[in-house]
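Structure, as C-alpha cells:
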Amino acid sequence: MPAKPPKGAGPGKAAAKGAAKGAARRSAKKCPICGKPANEVSKPFCSERCRDVDLNRWLSGSYSIPSREDEDDDGE
C-alpha cells in the first residue's frame, strides 16, 4: 500500500496556488506612464497623477491616432 502524502501536500492545493499566481501575474498590469503596478481605483494607471499626465498628453496633442487622409474630401 503506498504511503499517504503529508497533509496539505496534495496536488489540488499546489495546482490551485500555481493557477492563482499565474492569474495574479496576468492581471497585474503595469501603469503605461511610469511602469508601476496598476491601482484598482485608477486602472489602468497607478495613481491619479499618472491619469492626469496621460490626459494632458492627449489634450496637448502628444498622442495622436493615425488616420488616412482622403484626397477627395469634398465628395466630388
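Observations, loosely collected:
- For the range 54-70, filtering for residues that are exposed (fewer than 10 other Cβ atoms within 10 Å of the Cβ), of a type in the set (A, V, I, L, M, F, W, C) and modelled with pLDDT of 90 or more leaves 1.
- Residue within the range 30-37 that is of a type in the set (Val, Ile, Thr) and either assigned to a loop (DSSP other than H, G, I, E, B) or at pLDDT below 85 (or both) present: yes
- Residue under evaluation ASP73, criteria (1) assigned to a loop (DSSP other than H, G, I, E, B); (2) at pLDDT 95 or above, criterion not met: (2)
- First in the range 36-53 and exposed (fewer than 12 other Cβ atoms within 10 Å of the Cβ), second anywhere and of a type in the set (D, E, K, R), Cβ under 7 Å, 6 or more apart: PRO37/LYS30
The values are calculated or read from the model by the stated rules, or taken from the named source; none is laboratory data. This one's a predicted model, so the numbers in the text were calculated from it and none came from an experiment. Because the Cβ atoms are built from the backbone with ideal geometry, glycine has one as well, and the counts that use them run over all protein chains shown.
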